[in-house]
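Some notes on the structure that comes next.
All of the numbers you see were taken from the coordinates with simple rules; none came from a lab. Every value quoted in this text rests on a predicted model; they were computed, and no experiment measured them. Cβ sites come from the backbone with ideal geometry, for glycine too, and all protein chains shown count toward neighbours.
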Amino acid sequence: MTRPAGPDKRRRDAGAGADQYRAPALDKGLDILELLSGAPAGLTRAEIVRELGRSQSEIYRMLERLVARHYVLRSLEGDRYSLSYKMFALGGRHPPLKRLLTPAMPLMNRFSDKARQSCHLGVYDRGNVTIVAQVDSPDHWGLTIRLGAHINLLKSGSGRVILAFQDEAARAVMLREHAEHNGEAATPRNFVATLSEIRARGYWQGESLQTRGVVDISAPVLGVEGALAVLTCPFVQRQDTEPAPGLNDVMQALRAVARDLSVS
């Protein structure tokens, strides 16, 4: 299971002068939230205590407060803790994200109805891509990705598009953060050339790196300084007699939506 860097490393990385404004209780709460963010199945209190190197009483009190404030969920059996969607909901209220999602949702719904495919919108987040919007296919079948899911920055079309449409400085920061959070210190072979090809083409299209038989199409939502987000359609070809738009038509429609969302 991939987990974020431990609390000691995070504090060291924060800078030499950061400790003069320490808030130990806040640090404990943030450490728990960051640890749980890398544990989709949740963790027991004993596991949290072991991972953070703190006492049972410290963790117990902090967990009780996080549960009471609805940032953390306790399992029905009472022995396992996981993140709630509260932080995701709070993030959705953040003005830049809200400004992106407000026009995006109707355009994504229109695309899905026309293409008869699902689509999702991702933004860069702490070394990977987080899915902030998802629209299902209007048909009875389709490939969907869970809202709030974290997508690997290096091993997905979405991540590669985000990286391709950044300047060198921003890309270096993203790659460093990815390595710190995922333990992947090296980029794949010929990765820089792949990113150059994506940027020259204007989008990514290729076999899914996660699911056999799926063609991922990813297009950047551009801002003044690079990609603000990435719009992706996991294209699945129908084999029955029901007519449906082909791959090229779906690609063109997806790129049109991404252009409409981009900032001139």
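The ranking of Y21, Y81 from fewest to most other beta carbons within 10 Å of each one's beta carbon is Y21, Y81. For the chain, the longest principal axis of the Cα atoms and the long axis of helix 247-261 meet at an angle of about 60 degrees. Pick from N152, N128, N190: which residue has the top mean-square fluctuation in a GNM of the chain where Cα pairs under 10 Å get a spring? With Cα springs under 10 Å in the chain, the top fluctuation among N152, N128, N190 is at N190.
Could you give the length gained by full extension between R212 and L247, i.e. 0.36 nm per residue of separation minus their alpha carbon distance, to one decimal place?
Details: separation 35, 0.36 × 35 = 12.60 nm, distance 1.61 nm.
Stretched fully, the R212-L247 segment lengthens by 11.0 nm.
Where only DSSP H runs of four or more residues are counted, the chain gives -14000 deg cm²/dmol as its mean residue ellipticity at 222 nm, each run worth -39500 (n - 2.57). Expressed as a fraction of 2.2 N^0.38 Å, the C-alpha radius of gyration for region 90-261 is 1.00.
Our estimate of slack between L33 and A170, defined as 0.36 nm per intervening residue step minus the Cα-Cα distance, is 46.7 nm. Using the Karplus relation 6.51 cos²θ - 1.76 cosθ + 1.60 with θ = phi - 60°, the per-residue 3J(HN,Hα) values for region 145-155 come to 10, 4, 4, x, 5, 9, 10, 4, 5, 8, 10 Hz, with x marking Gly and Pro.
Using Cβ counts within 10 Å as a stand-in for footprinting exposure, how do L30, L76, L63 rank, fewest first?
Numbers: L30 14, L76 7, L63 21.
Final ranking by Cβ density, sparse to dense: L76, L30, L63.
Average 1/r across all pairs of distinct alpha carbons in region 40-140, invert it, and you get the Kirkwood radius: 16.4 Å.
To the nearest ten degrees, helix 191-201 and the longest principal axis of the Cα atoms of the chain are 40 degrees apart.
Need one word for region 160-264: rounded, prolate or oblate. Basis is the Cα gyration tensor (sqrt eigenvalues a ≥ b ≥ c); a/c below 1.5 gives rounded, then a/b vs b/c decides. Intermediate values should be presented prior to the final figure.
Values: a/c = 2.55, a/b = 1.49, b/c = 1.71.
Because a/c hits 1.5 or more and a/b fails to exceed b/c, region 160-264 counts as oblate.
Largest mean-square fluctuation among M62, M251, M174, in a Gaussian network model of the chain whose springs join Cα atoms under 10 Å apart, belongs to M62. This ranking places H140, H150 by how few other beta-carbon atoms lie within 10 Å of each, fewest first, which gives H140, H150. When you count the other C-beta atoms within 10 angstrom of each residue and take the mean per peptide, 96-105, 217-226, 198-207 line up highest first as 217-226, 198-207, 96-105. The modelled label-to-label distance for the pair R22/E47, using points 7 Å beyond Cα in the direction of Cβ, is 2.9 nm.
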